[in-house]
Amino acid sequence: MKVVSLDDVLGTEHEVDGGNWISRRLIMKKDNMGYSVNDTIIKAGTETHIWYQNHLESVYCIEGEGEVVTLSDNKVWPIKANQLYALDQNDEHLLRAQTTMRMVCVFNPALSGHEVHDEHGVYPVDDSQ
Ligand code: 9YT
């Protein structure tokens, strides 16, 4: 067993600044859990285009409020603290933060821990062992 504190990650290479968000990677591929876990801050007033074509992600909001727009149907999903959204269809979406949002993000397959979005909002497949 292991215990990971947010303080263990802050200021390290696993605190990743994506511009509109800062992702603190708590569990990564190297931990061999089959998923990864991030504690992510989404900056207030931002809109981020995201499309995880290679990953499924569940996002549990623990602070703040905003909305997700799924682009296949232009549906707007208001999100606030204590709600989880699951991108179970690799859904292309916009994430809008009305206030600063704090999210617990779980990815399958696991992230290596260094990923930032490419120009299409995608994280690459990590083929490394
Ligand atoms: C909620 C969300 O998808 N934010 C973008 C960052 C990403 N989830 C991450 O790597 O923590």
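The values are calculated or read from the model by the stated rules, or taken from the named source; none is laboratory data. As the structure is a prediction and not an experimental result, all values here were calculated from the model. Methodologically, a virtual Cβ is constructed for each residue, glycine included, from the backbone with ideal geometry; neighbour enumeration extends over all protein chains shown. These area figures cover heavy atoms from the full protein model, side chains too; ligands, DNA and RNA do not enter into them. Shrake-Rupley method; radii C 1.70, N 1.55, O 1.52, S 1.80 Å.
Miscellaneous remarks
- Ordering of 28-35, 2-9, 100-107 by burial proxy (mean other Cβ atoms within 10 Å per residue, highest first): 100-107, 28-35, 2-9
- Förster-model FRET efficiency, 25 Å R0, ASN74 and ASN54, C-beta, rounded to 0.05: 0.60
- To put it simply, the accessible area of region 20-108 at a 1.4 Å probe is 51 percent carbon and sulfur.
- Å² of accessible area per residue within region 20-108, as computed with a 1.4 Å probe and no ligands counted: 49
- For the peptides 63-75, 46-58, residues were scored by their other Cβ atoms within 10 Å and the scores averaged per peptide; the highest-first order is 46-58, 63-75.
- Solvent-accessible ranking of TRP21, TRP77, largest area first, probe 1.4 Å: TRP77, TRP21
- Remark on the chain: Rg and Dmax equal 13.9, 43 Å (Cα only).
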